[in-house]
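> Next up is a structure, given as structure tokens.
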Amino acid sequence: MKLKIILYGGILVIITCSACKKYLDAKSNKSLVIATKISDYQALLDNNTIMNRVSPSNGEGSADNYYLNYSDWDALYNDAYKNIYVWGDEITYDLFPNDWGQAYDQVYFCNNVLEGLDVIQKDSSNANEWDNAEGSAFFFRANAFLKLVLTWANAYDSATAGKEPGIPLRLNTDFNEVSVRATIQDCYNQVLNDAEQAVNLLPVNALFATRPSKAAAYGLIARTCLAMRNYTRAGLYADSCLQLNHTLIDYNTLNTAASYPIAIFNAEMIFYAGAFGAELSNSIANIDTVLLASYSDSDLRKTIFFKDRGNGTFGFKGSYNGNNSLFTGIAVDEMYLIRAECYARENNAASALNDLNTLLQNRWKKGTYIPYETNDAQQALNRVLEERRKELPFRDLRWMDLKRLNKEPGRQVTITRLLNGAVYTLPPNDPRYALPIPATVIELTGMQQNPR
Amino acid sequence: MHLKFIQPCLAVLILTFFVSTLQAQTGNTITGYILSAKDKSPIPGATIQPGGRNAMVITDDKGRFALTVPDTLSGITIKHEGYVTQSIRINNNDSPLYILMEENVNVLGDVTVSTGYEIIPKERVTGSFTQVNNKQLNEQAGSNIINRLKGVASSVLFDNSESRPSLTIRGISTYEGPSAPLIVVDNFPYDGDINNINPNDVESITLLKDAAAASIWGTRAGNGVIVITTKKGSLNQPFSIQLNAGVTLINKPGLSYLPQMSSSDFIDVESYLFNQGFYNENTYNHAALSPVVELLIKKRDGLITPADADAQINALKQVDVRNDFDKYIYRAGFNQQYAVNISGGGNTAGYYLSAGYDKNVNELDAGYSRIHIQSQTVLKPMRNLQVNASLGYTNSMNEAGRPGYGEITTITGNALYPYAQLADAKGNPLPLIKDYRETFVDTAGEGHFLDWHYYPLQDYTHVNATTGTADILANIAIEYKIVKGLTASLQYAYERQQVTGKTLYDAESYYARDLVNQFTQIDYGSGAVYYPVPKGSILDLSDNLLLSNNVRAQLNYGYRNNKNELHILAGWETRQSHTTGNSYRTYGYDDDVLSFTNVDLVNPYTSYITGFGSYIPSGNSFSDNLNRFVSVYGNGAYTFNDRYVLTGSIRKDASNLFGVNSNDKGIPLWSAGAGWTVSKEPFYHSSLVPSLKLRFSYGYSGNADLSRSAVTTLSYISNARYTNLTYANITQFANPDLGWEITKIINTGVDVGFKNGIAGGSIDYYIKQGSNLFGPAPLDQTTGLQRATITKNVADMLAHGVDVDMYIKPLDRRFKWNIHLLFSYNLGKVTNYFLEDSNGADYVGNFGIAPVKGKPVFSLMSFKWAGLSHDTGDPQGYVDGKVSTDYDAIFNGGTKLTDLDYNGPSVPPYFGALHNGFSWKNFELDINITYRFGYYFRKSSTNYSALFYGWYGNKDYADRWQKPGDEAHTNVPSFLYPDNYNRDNFYINSSALVEKADNIRLEYINLNYTINKASLKQLPLQNLRLYCYINNAGILWRANKDGLDPDYPSSLKPGANFTFGLTATF
């Protein structure tokens, strides 16, 4: 009898304890919405303030599409912006929020979604929603990681990528884990891995350009491979993307007098992302004179992209976002240029020029454009790269191009800044091409800072 | 009587009846009384142990006991600290026994302590407990049992300040976490309102102060534990009735204590400001201007003659609003408390039934009434089985009273001007300027509006705000003796507390009229008037329900032979506390016919006041909170040779509040202790100190924040830009490592008893180290949490303390004199805190905790004071070590943390009480004096910005610097217009206003007269006690010279109160 009581009591305790985990998983305050449904996760991904509207611009700020007058530079209210412009030795990058943190905000959202969907059973009734949310999270994470590694690590070089520090790859939501920099190779692998998962999961077309689609994921992989100088693959993915969307805007239909001639969510936009930077504000950032001079007067981009301030300086007004924020997402024109470049690099000058001419016919005044023709793939490549520079300013792509082309003898560029008599130069492959990581991050994690 | 009340009442009666019929004449039970050999007074708490057995019983407060024994039993041993242990032979026919005990010289105070998990005899104690017995608890009146700990328990500190915890045991041990001690009622944490406990039903209170005492309570014991034990039914005791009745008269507070600026000075300032064009007569919200300013405007605009205006203003200079408050608002408070209990018991069942009624009316006419009934039953249906069941029901009602001084403010938060008049010369209520300008109120809406005046003396009669509480607390404990020494017990506790709020603003109330008017829509063209908020009453109802369930299964094992004694307990428990709430509002409510009007909550209406579109307030809300704990625990004590004791305790908690990593990996909280009764050693032969025991303990307890959740939570936002989708943001970030705060305590103590029991007591020294404390931790942005800091378990603190609890009996003959001395020292310092900033200005205000490393948690930090300037009367501070009046620099970075004066702690590190008890024949007199030393407070003073904009004046305006030379005798800065906000706040937060807060207070005086049957044969009852208490009697000495009560430096002090009553036992 007594033995039985103990036995039953023991069994009871064991059963209760095993039920404990579920018992303790109950939420302690009901008004706190705890994500449990796919729609909750979709709502996080639809937070376009976090996921789309703010993406890094520090690379663009360091690049050579613009210059600042000393007085405007001096008036920048934080030394961080000033340092971005001059690739500063001193790291006073203590702004909050900043590009680094905001990109990782996206990563944290994605990790929440990925962890949450892990425990939601996917079945025939919810497969579409589930796939879309999961694919979007993979896409957004890949996109954020790519932006980060392009800005805060050295250019990809297959010879050294396995050794050089990339960026921290945060793959779960536990913020107690100390951030550690992965190798550049691991970073690109992660981006490609995430983006490929996204390709498999995302729908061909998204409801809004704020949401990722299959085309966007192809485009992201194309861009990634281009940064890795894996031109074969970059060309294939750009092609896949263009298979789904190859509409180009005829710039002749745009109003050149408008303050922002290109409307947001236009036909070319595949995936929407925006960026801001105090040093890049179109009221102070002056278009590089060499760049400006490279446009023909028949080229509509000269008037659609640039605003003549009337004092000999020009500002940028050609954002695909239709406002003063920079468009840093994925668009059809970029895909044409990637495919063209890759054709050219594979000695297929005809296909390269076909793409290039298709694009430019939509950029020049009607009837003025004479298709460029050559059989020399190298010349075609030169022309494609030249047009790439002219087509994609202020898209946060120039920094990546500078970095990857510096790896090619003959395409190296030294950037110079002039401020009040002081001359700053950034030679090719300088370590400063990897921007300084925010000082507080270094302090708190002990991770390796990029040398200046 | 409420219908709600009758139902549970019946339930209790039925239960009791049922229990009584269960009594059956089985088993061999002996009963008896343990009395003092000296005066035949009962000895409660004595242990009776059958020869050679482990079971024991303890006498109740009347010295009674009942013991079920086998036929073979030949003797029992009776023990009580302070008395000579006796072993006597018995035979079963002797029952009831009357056993007289001789007083022992080895006096150590109370004999057992309750931890909520077990009752342990003091010999086995290695930790730090304070036992407050029934007599001490009854030396103060009042409906709240916790308040009766004031001045009777060492290390307990009450604090009136709103920015600090109101009650601490051994000081604070957290920064951002909850700071209240855990309250345990009859073995389970108590979630309800402490006022649901009737003090008359409380037998004793035990404070668990160190780790050895408290760690059994695990993650919620870090702030100490207050264990309340209620009176219980017990077996084999005669039928007894006890009655208690008392009334308390509370003095009106003295309003002259308030440092109110004189009306004359106030009006002079207003006139000056008016001449400077300070007042904005055309604000968008028609903000109120004071009556004097309105008169000045009328005078300027020629609406009244200058002579009239001056005459009226001069008349107002003579008015002091405190007189009206004293005359029309404040009154003497009156509390009544009645309680009755019945107890008795047979061989197999015992019971304790009680009922109590409290009715309090405070000095603002706010009412509180409480009915409490309680049933406690003990059943022993089988030899090995004991069941304790209790059921308590409380129904209380709070009713709001009149608005007190300082509670009438304008909509913008301005104070009442000192020349306000609440009534005219005949006592008729007068309207006050409240939210809007008089001219606006008088003329607005061309007669379409309801009267827009506020009448303070009438308005409270139109607002009926009540809060009702109905609480059921049920406990059942089953104890089964499996084999010799091994007992299994199962306990269940249930609490259901429903708090119902009802506020009815009737149609005449200012609140309802104001809201109706604000929303009134007038079409001046057609003259059509529409009232979106309908005329009539507004009814706010709220309902909050607490359901708490506790289950505990526990095994106790005891073993004893000649030299060794072992006690082990182990258990598992789970608890859930679920709080749900809702509130809603009804417009156009008619209390007579229960009709109401639906209003349009969806569309904005143009506010008549601001001209902006605004929505009618809905008042709807819902809440739902759930706390769950699952715990396992164990506790053991080993005694060797009656003098060496080793104890240990361990507990592991898991909860839905903690992060998963904490639940899974967290180490258990534990403690260990050792005790050595030196005086029992053969080598020890001190006749001066015949009793001496040393104690040492070490261990951990925790502190959990019930408001923090360990899950990621979202909030939804409508209409995303571009897509119009509903989207979500993350509002709370799951921290899988979030755990409880840990308090490590090392305690060492000595218990002594001097020759003949003339003196004795205990001294404890402890080190308390808080770690894992909640604090803002800087966050690596790579984590992606959109923020720079997050609350984590990061901060540390360290406290040292001493508790002394001594008694002396200088006289112990017919005239007795007992002295009970309590002394506590506690000073906790910040040892680690992230994000310490160096800007001194961030530390001087009263913004809660701004910890400074190496300083007490609650420190008074002030700007250095360099006096008033000779030429201008400007307050002077320091910038870069030089005397300065650059107030902007002083506030914005010019004062580093290291440049501040550290005045001292703002809570007393030294405090305690001196209790003198005298008794002679049937009279007993208790005088309790409390003291607090070593701390500082900040006086209030003139702040010109607050005076100009907020109408907050101070009487020391009269002492302000007016001419060179004044700086020699005043610190009050010169009048300055326009005001300088930083100048004012520099002065207010400077060392010039810091005073020593040390004080000695006469806490209470009690006079008792007791007669019992022994002394008066013809008395128709067993015992009768008449008592008279004076509480809150006043300050005897204070360090400050301004006559300020440091506990109430600028607010009303509660008046003294007087209680008269009787306790009769039949």
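> Translational diffusion coefficient, Stokes-Einstein: compute it for the protein assembly as shown using the Kirkwood radius over C-alpha pairs as Rh, at 4 °C and 1.567 mPa s, and state it as an integer in µm² s⁻¹. Spell out each step's value before the answer.
On the way: Rh = 38.7 Å.
D, rounded to a whole number, is 33 µm²/s.
> Could you check the simple spin-label distance between B:Glu446 and B:His578, using points 7 Å along Cα→Cβ, in nm with one decimal?
Taking the two extended label points, one gets 5.8 nm.
> I would also like to ask the following. Could you compute the net charge surrounding A:Leu44? Neighbours are other residues with a C-beta less than 14 Å from the C-beta of A:Leu44; K and R count +1, D and E count -1. Each step should come with its number before you reach the end.
On the way: positive: A:Lys37, A:Arg141, A:Arg211; negative: A:Asp40, A:Asp46, A:Asp105, A:Glu115, A:Glu129, A:Glu134.
Net charge around A:Leu44: -3.
> Placing one identical point scatterer on every Cα of the stretch B:861-908 and ignoring solvent, what is log10 I(q)/I(0) from the Debye formula at q = 0.16, 0.17, 0.31 Å⁻¹?
-0.46, -0.51, -1.17
> In nm, give the distance between the simple-model label positions of A:Leu418 and B:Phe1066, each being 7 Å from the Cα along the Cα-to-Cβ direction.
So the label points at A:Leu418 and B:Phe1066 sit 11.0 nm apart.
> Considering the options B:Ser240, B:Ala1064, B:Leu773, tell which one lies farthest towards the positive end of the dipole of chain B, charges being +1 on Lys and Arg and -1 on Asp and Glu at the Cβ, about the Cα centre.
B:Ser240
> Okay, next question. Count the net charge of all other residues whose Cβ sits under 15 Å from the Cβ of A:Arg233, scoring Lys and Arg as +1 and Asp and Glu as -1. Numbers along the way, then the final one.
Details: positive: A:Arg223, A:Arg229, A:Arg339, A:Arg345, A:Arg404; negative: A:Glu196, A:Asp239, A:Glu341, A:Glu346.
So the environment of A:Arg233 carries a net charge of +1.
> Relative contact order for the stretch B:537-686: what is it in percent, counting Cα pairs under 8 Å that are at least 6 residues apart? Could you put the intermediate results ahead of the total?
Details: 300 pairs, mean separation 32.1, N = 150.
Averaging sequence separation for qualifying contacts and normalising by length gives 21 percent for the stretch B:537-686.
> Quickly estimate the mean residue ellipticity at 222 nm for chain B, helices only: each DSSP H run with n ≥ 4 gives -39500 (n - 2.57), and the total goes over all residues, rounded to 500.
Details: 14 runs with 111 residues, N = 1066.
Using -39500 (n - 2.57) per qualifying helix, the result is -3000 deg cm²/dmol.
> Post the alpha-carbon centroid distance, the stretch B:519-577 to the stretch B:601-621, in whole angstrom.
Centre-to-centre distance over Cα atoms comes out at 31 Å.
> So if R0 is 51 Å, what FRET efficiency would A:Asn429 and B:Ile746 give, r being the distance between their Cβ atoms, rounded to the nearest 0.05?
Numbers: r = 61 Å, r/R0 = 1.20.
Calculated value: 0.25.
> Through the Karplus equation 6.51 cos²θ - 1.76 cosθ + 1.60, θ set to phi - 60°, convert the phi angles of the stretch B:840-845 into ³J(HN,Hα) values in whole Hz; use x for Gly and Pro.
Taking θ as phi minus 60°, the curve returns x, 4, 6, 10, 8, x Hz for the stretch B:840-845.
> Moving to a separate point now. Per residue of the stretch B:670-681, what does 6.51 cos²θ - 1.76 cosθ + 1.60 with θ = phi - 60° give for ³J(HN,Hα)? Whole Hz please, x for Gly and Pro, Karplus curve as stated.
With the stated coefficients, the stretch B:670-681 comes to 9, 8, 9, x, 9, x, 9, 8, 4, 5, 8, 5 Hz.
> Further question on the same structure: Please order B:His286, B:His800 by the number of other Cβ within 10 Å, starting at the fewest. Each step should come with its number before you reach the end.
Numbers: B:His286 20, B:His800 16.
So the ranking, lowest neighbour count to highest, is B:His800, B:His286.
> Take the Cα coordinates of the stretch A:38-445, assign each an equal point scatterer, and use the Debye formula without solvent to give log10 I(q)/I(0) at q = 0.10, 0.15 Å⁻¹.
-0.65, -1.54
> Using only atoms on other chains, find how many Cβ atoms lie within 10 Å of each Cβ of peptide B:568-579 and report the average. Walk me through the numbers on the way to the answer.
Values: counts 0, 0, 0, 0, 5, 0, 5, 0, 2, 0, 1, 1.
Across B:568-579, the average partner-chain Cβ count within 10 Å equals 1.
> Does the stretch B:624-937 classify as rounded, prolate or oblate by the C-alpha gyration tensor (a ≥ b ≥ c root eigenvalues; a/c under 1.5 gives rounded; else a/b over b/c gives prolate, otherwise oblate)? Write down the numbers at each step before the final one.
Numbers: a/c = 2.64, a/b = 1.37, b/c = 1.93.
It is oblate, given that a/c is not under 1.5 and a/b is not larger than b/c.
> Calculate one ³J(HN,Hα) per residue across the stretch B:422-438 by plugging θ = phi - 60° into the Karplus curve 6.51 cos²θ - 1.76 cosθ + 1.60, and present them in order as whole Hz with x for glycine and proline.
Karplus-based 3J(HN,Hα) across the stretch B:422-438 equals 8, 8, 7, 4, 8, x, 6, x, 10, x, 10, 5, 10, 9, 10, 5, 4 Hz.
> For B:Asp842 and B:Ile88, calculate 0.36 nm times their separation in residues minus their Cα-Cα distance, and state this gained length in nm to one decimal.
Gain on stretching B:Asp842 to B:Ile88: 264.4 nm.
> Roughly how crowded by other chains is peptide A:34-42, in terms of the mean Cβ count from those chains within 10 Å of each of its Cβ atoms? All intermediate terms of the calculation are to be shown ahead of the outcome.
On the way: counts 7, 6, 0, 0, 0, 2, 3, 2, 4.
That average works out to 3.
> Shifting gears a bit: Suppose R0 equals 41 Å; then what is the FRET efficiency for B:Ala958 and A:Ser281 from their Cβ-Cβ distance, rounded to the nearest 0.05?
0.10
> Turning to a different aspect of this structure: Checking the cross-link filter: which aspartates and glutamates have an alpha carbon closer than 14 Å to that of A:Lys163, excluding same-chain neighbours under 8 positions apart?
A:Asp186
> Using 7 Å Cα-to-Cβ label points, what is the A:Glu443/A:Asn347 separation (nm, one decimal)?
Computed distance between label sites A:Glu443 and A:Asn347 equals 5.7 nm.
> For the stretch B:624-937, what's the relative contact order in percent, using C-alpha pairs closer than 8 Å and at least 6 residues apart? Before the final figure, lay out the partial values.
Details: 737 pairs, mean separation 33.4, N = 314.
About 11 percent, as a whole number.
> Using modelled backbone amide H atoms (1.01 Å from N, in-plane), which distant-in-sequence or interchain residues come within less than 5 Å of B:Thr712's amide H?
For B:Thr712, whose amide H was placed from the backbone, the distant partners under 5 Å are B:Ala734.
> Want the number for A:Phe208 to A:Asp79: 0.36 nm per residue separation, take away the alpha-carbon distance, what's left? Mind dumping the intermediate values first?
On the way: separation 129, 0.36 × 129 = 46.44 nm, distance 3.73 nm.
That pair, A:Phe208 and A:Asp79, stretches by 42.7 nm at full extension.
> Mind running the shape call on the stretch B:983-1066? Use the C-alpha gyration tensor, a ≥ b ≥ c as the square roots of the eigenvalues: rounded below 1.5 for a/c, prolate if a/b tops b/c, oblate otherwise. Before the final figure, lay out the partial values.
On the way: a/c = 6.64, a/b = 4.27, b/c = 1.55.
Prolate.
> State which entries of B:Lys232/B:Lys1013; B:Lys955/B:Lys1041; A:Lys147/A:Lys403; B:Lys62/B:Lys380; B:Lys755/B:Lys816 exceed 19 angstrom in Cα-Cα distance in the structure shown.
Beyond 19 Å between Cα atoms: B:Lys232/B:Lys1013; B:Lys62/B:Lys380.
> Shifting gears a bit: Looking only at the stretch B:992-1007, which residues have a backbone nitrogen under 14 Å from a spot 7 Å from the Cα of B:Leu925 in the C-beta direction?
B:1005-1007
> Taking the Cα centre as origin and putting +1 on Lys and Arg beta-carbons and -1 on Asp and Glu beta-carbons, what dipole magnitude results for the stretch A:295-452, to the nearest 20 debye? All intermediate terms of the calculation are to be shown ahead of the outcome.
Values: 23 positive and 18 negative charges, 89 e Å.
For this selection, approximately 420 debye.
> Moving on. Roughly how far apart, in whole Å, are the Cα centres of the stretch B:185-215 and the stretch A:279-317?
First find each Cα centre; the distance between them is then 77 Å.
> How would you classify the stretch A:331-386 from its alpha-carbon gyration tensor, with a ≥ b ≥ c the square roots of the eigenvalues: rounded for a/c under 1.5, else prolate if a/b is greater than b/c, otherwise oblate?
The shape class here is oblate.
> Determine the alpha carbon to alpha carbon distance for each of B:Lys864/B:Lys996; B:Lys693/B:Lys768; B:Lys864/B:Lys939; B:Lys252/B:Lys434; A:Lys302/A:Lys407; B:Lys327/B:Lys502 and list only those over 18 Å. Spell out each step's value before the answer.
On the way: B:Lys864/B:Lys996 16 Å; B:Lys693/B:Lys768 22 Å; B:Lys864/B:Lys939 16 Å; B:Lys252/B:Lys434 26 Å; A:Lys302/A:Lys407 30 Å; B:Lys327/B:Lys502 29 Å.
Checking Cα-Cα distances, B:Lys693/B:Lys768; B:Lys252/B:Lys434; A:Lys302/A:Lys407; B:Lys327/B:Lys502 exceed 18 Å.
> Taking only the Cα atoms of chain B, how large is their convex hull per residue, in Å³?
On the way: hull volume 229.4 nm³, N = 1066.
Enclosed volume per residue, from the Cα hull, is 215 Å³.
> Put +1 on the Cβ of every Lys and Arg and -1 on every Asp and Glu Cβ in chain A; which of A:Asn324, A:Thr247, A:Val191 then has its Cα farthest towards the positive end of the dipole?
A:Val191
> Quick check: residue separation of A:His246 and A:Ser294 times 0.36 nm, minus the Cα distance between them. What number comes out in nm?
On the way: separation 48, 0.36 × 48 = 17.28 nm, distance 2.60 nm.
Here the answer is 14.7 nm.
> Same structure, new question: Calculated from DSSP H runs of 4 or more alone, at -39500 (n - 2.57) each and per residue, what is the 222 nm mean residue ellipticity of chain A, nearest 500?
On the way: 18 runs with 208 residues, N = 452.
My calculation for chain A gives -14000 deg cm²/dmol from helical runs alone.
> I need to check one value: relative contact order of chain B, counting alpha carbon pairs closer than 8 Å and at least 6 residues apart, in percent. Please report the intermediate quantities before stating the final value.
Values: 2776 pairs, mean separation 110.3, N = 1066.
Result for chain B is 10 percent.
> Now, a different point. R0 = 51 Å: FRET efficiency of B:Lys563 with B:Glu176, Cβ-based, nearest 0.05? Working shown, then result.
On the way: r = 50 Å, r/R0 = 0.98.
Calculated value: 0.55.
Throughout, read-outs are computed from the coordinates displayed, never taken from laboratory work. All values derive from a computational prediction rather than experimental measurement. Don't worry about glycine lacking a Cβ; one is built from the backbone with ideal geometry, like all the others, and counts go over all protein chains shown.
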